[in-house]
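Notes for the one structure printed next.
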Amino acid sequence: MIPSYNEFYRPMLDAIADGGVHTLKELYVTLADYFGLTEAERRQLQPEGRQILYKNRICWAKMYLDRAGLLMTPRRGAVVITAEGKRVQRDEKIPLDNDYLMRYESFREFKNK
């Protein structure tokens, strides 16, 4: 089963926790492997048929984490973890979901637009 976009939050931060710049192409493979997605799930399109479903959800997760300031996009198609992202990633007790992201003013502003 393909995870919801918010289920990608922590695994995405874990995948980029080394502080290096990571491409979305790399994360697509890493996160699909992490969740054990089948080949059929890796090819499954959104209902509109325009984009692969799990890649779309990863992009939403990336955008939400970016808006909260837990990662940043140094260039198109790439991400790097921020200092705040590292702090959150290290604390496994944090329930990393949209309710948690609402603690960040930048995320609240984004969601309230």
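The values are calculated or read from the model by the stated rules, or taken from the named source; none is laboratory data. What you are looking at is a predicted structure, and each value in this text was computed from that prediction instead of being measured. Ideal geometry is used to build each Cβ from the backbone, glycine not excepted, and the neighbour counts take in all protein chains shown. Keep in mind that these areas ignore ligands, DNA and RNA; they rest on the heavy atoms of the full protein, side chains included. Shrake-Rupley method; radii C 1.70, N 1.55, O 1.52, S 1.80 Å.
Quick notes
- Potential lengthening of the chain between Arg90 and Gln51 amounts to 10.8 nm, from the contour at 0.36 nm per residue minus the alpha-carbon distance.
- Neighbour net charge for Ile16 - beta-carbon separation under 12 angstrom, K R +1, D E -1: -1
- Helix screen, the chain: DSSP H segments with Cα axial length of 20 Å or more and mean Kyte-Doolittle hydropathy at least -1.0 are 53-68.
- Shape parameters for the chain, alpha-carbon atoms, Rg then Dmax in Å: 13.7, 39
- Helical contribution to [θ] at 222 nm, DSSP H n ≥ 4, -39,500 (n - 2.57), averaged over the chain, rounded to 500: -14000 deg cm²/dmol
- Spin-label proximity, Glu109 to the range 58-102 - amide N less than 12 Å from point 7 Å beyond Cα toward beta carbon: 67-69
- Accessible carbon and sulfur surface of the chain relative to its total accessible area, %, 1.4 Å: 49
- Only Lys, Arg, Asp and Glu carry charge here, each on its Cβ (+1 for the first two, -1 for the last two); on that basis the range 1-105 has a dipole of about 320 debye about its Cα centre.
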